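First up is the structure itself, then whatever we jot down about it.
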Amino acid sequence: MKHIGTVIKQLREKKSMTQTQIAELINMHRSNYSRVENGERDLSIESIKKLAEYFNMTIDQLVNFDGENIPKEITVEDKSLTEKIKLISELSKDEQNMVFKMIDSFLTKKKFKDFFDKNLSCL
């Protein structure tokens with residue numbers, strides 16, 4: 001099993017982040033954080049928890065990291081409509097409701113804009 005510091009370094013570099021940025025995230029001095037990456041120091045459970053949340057992983061995934069399943073950022077705008085719907089279906093019910101409320105809001109705004117554009121152009 002890899003030392004947690006090696007894992008975090010790999011994840012940090014994948015996101016093009018500096019040691020200072022990660023150290024600030026977990027409220028640690030950069031020099032102490034550097035020792036974590038070098039395997040000379042361990043992290044508190046609280047720091048591991050913060051990092052797991054930041055990297056969108058569970059603590060177990062972070063501690064037992066295999067390096068192959070690094071979470072990737074998802075960009076929806078370049079996906080087909082079917083792919084977008086599939087991704088939305090993977091969200092929790094609360095998150096789905098939030099997405100649908102946002103869509104409702106945009107559609108309502110568009111309908112009002114279209115209505116006013118049509119009716120004001122006649123004046």
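All of the numbers you see were taken from the coordinates with simple rules; none came from a lab. All values reported here derive from a predicted model rather than from experimental measurement. Reconstructed Cβ throughout: ideal geometry from the backbone, glycine too, with neighbour counts over all protein chains shown.
For this structure, a couple of remarks:
- Ellipticity estimate at 222 nm from DSSP helix runs (n ≥ 4, -39,500 (n - 2.57)) divided over the chain, nearest 500: -19500 deg cm²/dmol
- For the stretch 4-63, the direction-averaged projected area of the alpha-carbon convex hull comes to 3.4 nm².
- Taking Cβ atoms as reference points and 11 Å as the exclusive limit, the residues near K2 contribute a net charge of 0, counting Lys and Arg as +1 and Asp and Glu as -1.
- Counting only aspartates and glutamates at least 8 places from K79 when in the same chain, those with an alpha carbon closer than 16 Å to its own are E90.
- Note on mean projected area of the Cα convex hull in nm²: of the candidates [x] 7.1; [y] 10.8; [z] 11.6, the value calculated from this structure sits at [z].
- Mean Kyte hydropathy of -1.0 or more with a Cα span along the axis of at least 24 Å, helices from DSSP in the chain: 93-121
- Lysine-lysine proximity count for the stretch 81-121, Cα under 21 Å, sequence distance 8 or more or distinct chains: 11
- Net charge contributed by nearby residues that have their C-beta within less than 15 Å of Q96 (K/R +1, D/E -1): 0
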